[in-house]
Amino acid sequence: MWPTWRHIRYTVVCLTIMGVCLVLWTSTAPDHSRPPEPGCPQGRFVTINAGGRLGNKLCQYCSLWALQRDSAAARPAWILPEMERSLGSLFTGLQLPTLPARCLERHQVPWYDPILHPWSSAAFWQVSYFQYVKTGGGPPHRPLLLLNNPCDMKHFDQHRTELLEQLRLRPEVRDEAQRRLRLHTDVQCRRPPGCTFIGVHVRRTDYAKQVHLMYDGTLVGEAYLMRALQLCRSRYRRPVFVVCSDNLAWVRQRLRGPDIVIAGSSGDGSAGRDMALLAQCNHTVVTHGTYGYMSAYLAQGDVLAPTGFGRRDAFLAEAMTKRGLNITAVQAF
């Protein structure tokens with residue numbers, strides 16, 4: 001029986017689709033005939049996403065560094081260029097190498113999801129950081145991209161001395177932060193004895209939604225800050241509060257006093273400048289978010305953190321407590 005026009009049209013359509021798929025696949029499949037790119041890792045290596053802001057990126061770096069330090073399966077580990085741009089401009093001792101942009105072009109297939117299409121060896125194998133820590137895994141010859149925004153302080157704080165050695169501020173960044181600290185506190189600290197500098201980070205703006213999602217909670221406000229500052233006044237000699245925030249107008253309206261200076265900056269690079277400033281302080285009052293907690297971690301002093309603002313306390317406050325860091329819980333409301 002001769003094929004009908006319907007069968008012929010059906011066959012032509014199928015062959016056309018197969019041809020298009022073949023062209024697309026060959027255009028995106030790894031070209032094994034190409035020589036290796038100089039400076040690019042070959043086969044399996046591990047990197048981590050560089051999403052979020054400065055506090056997130058610092059947490060991601062610390063988590064990946066500690067992971068590869070303790071697990072041979074997580075080596076070699078590389079950081080993405082975006083992370084190096086954020087952290088490399090602040091810190092001078094970073095140990096993890098940066099994956100060159102040309103290597104990313106070789107390893108990524110933008111429109112394929114490597115989880116749905118694991119045959120595509122040009123793409124990163126993506127897995128949650130926390131899942132990988134528990135179970136490991138992944139193809140033995142595929143680059144591995146760890147997802148989420150981990151801040152695994154319970155793990156990386158085990159190597160605090162080594163890690164803080166990497167997180168040394170660049171001399172020019174440190175000198176500028178110390179200059180700003182002197183400028184803002186000269187009136188309060190001109191006469192002896194010396195002051196005790198208390199860094200205060202107040203996270204506001206878009207973080208209200210994050211606190212609700214993560215903790216079913218509410219942003220802490222003026223009442224918490226007044227309690228924390230008063231506790232510092234009773235605990236430390238001649239405290240001066242050095243306040244930074246992503247909402248400087250809010251703190252200027254609510255935090256006033258002869259021992260309070262609003263020292264935060266704004267504009268490009270303000271996150272790095274303010275973190276360096278907070279790191280010069282003796283102790284830290286935090287509110288929410290990785291930025292404040294990691295600034296306190298760099299300062300290495302006492303930490304005052306809110307409790308009772310949601311169904312549970314911040315996971316970083318819990319981690320600091322479990323690691324024996326000197327953290328004081330202050331009632332939020």
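The values are calculated or read from the model by the stated rules, or taken from the named source; none is laboratory data. Note that the coordinates shown come from a computational prediction; the quantities given were computed from them, not determined experimentally. Every residue, glycine as well, gets a Cβ built from its backbone with ideal geometry; the counts of neighbours run over all protein chains shown.
Does A249 count as free of Cβ contacts under 8 Å to residues at least 60 places away in the same chain and aliphatic (A, V, I, L, M)?
When the stated conditions are applied, A249 passes them.
Quick one: in segment 141-164, of everything that is in contact with a Gly (Cβ under 6 Å, 6 or more places away or on another chain) and over 22 Å from Y291 (Cβ atoms), which residue is surrounded by the most Cβ atoms within 10 Å (Cβ to Cβ)?
L144
Any residue at all in segment 278-287 that is farther than 21 Å from D175 by Cβ, modelled with pLDDT of 95 or more and not β-branched (V, I, T)?
yes
Can you tell me which of (1) more than 19 Å from the chain's Cα centre (by Cα); (2) more than 19 Å from P306 (Cα to Cα); (3) among the aliphatic types (A, V, I, L, M); (4) surrounded by fewer than 16 Cβ atoms within 10 Å (Cβ to Cβ) is the one A223 doesn't meet?
In the conditions (1) more than 19 Å from the chain's Cα centre (by Cα); (2) more than 19 Å from P306 (Cα to Cα); (3) among the aliphatic types (A, V, I, L, M); (4) surrounded by fewer than 16 Cβ atoms within 10 Å (Cβ to Cβ), A223 misses (2) alone.
Output yes when any residue across segment 147-157 is in contact with an Asp or Glu (Cβ under 9 Å, 6 or more places away or on another chain), modelled with pLDDT of 90 or more and polar (S, T, N, Q), and no when none is.
There is no residue in segment 147-157 that is in contact with an Asp or Glu (Cβ under 9 Å, 6 or more places away or on another chain), modelled with pLDDT of 90 or more and polar (S, T, N, Q).
Any residue at all in segment 281-288 that's over 16 Å from the mean Cα position of the chain (by Cα), of a type in the set (S, T, Y) and closer than 23 Å to E222 by Cβ?
yes
Would segment 233-255 turn up any residue that is within 28 Å of the chain's Cα centre (by Cα), among the hydroxyl-bearing types (S, T, Y), over 22 Å from L181 (Cα atoms) and surrounded by fewer than 21 Cβ atoms within 10 Å (Cβ to Cβ)?
no
Among the residues of segment 165-180, what is the count of those that are more than 15 Å from the chain's Cα centre (by Cα) and either polar (S, T, N, Q) or under 20 Å from G289 (Cα atoms) (or both)?
2
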